[in-house]
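The values are calculated or read from the model by the stated rules, or taken from the named source; none is laboratory data. Quick caveat: nothing in here was measured; it's all calculated off a predicted structure. Cβ: placed from backbone, ideal geometry, glycine included. Neighbour counts: every protein chain shown.
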């Protein structure tokens, strides 16, 4: 399991919900750069941040992030 990157569908769900990266970052209380890094697979969010984002986008964390 080491080195496995989760499949990331954040950008797809964010766009479908009508949020810009900036708008989502304000609600999630992180920088826009953090949202960008998550979408590009550079950064894996904490559990708390993933839950905040999923709640904001009205979906489950598992919809956004899955193991390959």
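Within the range 13-24, restricting attention to residues that are under 12 Å from residue 59 (Cα atoms) and part of a helix (DSSP H, G or I), the residue that is farthest from the chain's Cα centre (by Cα) is 16. Give the range 27-56 a look and list any residue that's loosely packed, with under 13 Cβ neighbours inside 10 Å and either touching a strand residue (DSSP E or B) at 6+ places or on another chain (Cβ under 9 Å) or at pLDDT 95 or above (or both), or say none. Scanning the range 27-56 gives 29, 33, 40, 41, 46, 47, 48. One residue stands out among those in the range 2-12 that are loosely packed, with under 12 Cβ neighbours inside 10 Å and touching a residue at least 40 places away in the same chain (Cβ under 8 Å): the one that is nearest to residue 63 (Cα to Cα), which is 7. Restricting to the range 25-58, and then to whatever is in contact (Cβ under 8 Å) with a residue 40 or more places away in the chain and either within 13 Å of residue 11 (Cα to Cα) or assigned to a helix (DSSP H, G or I) (or both), can you tell me which residue is nearest to the chain's Cα centre (by Cα)? Here the residue is 53.
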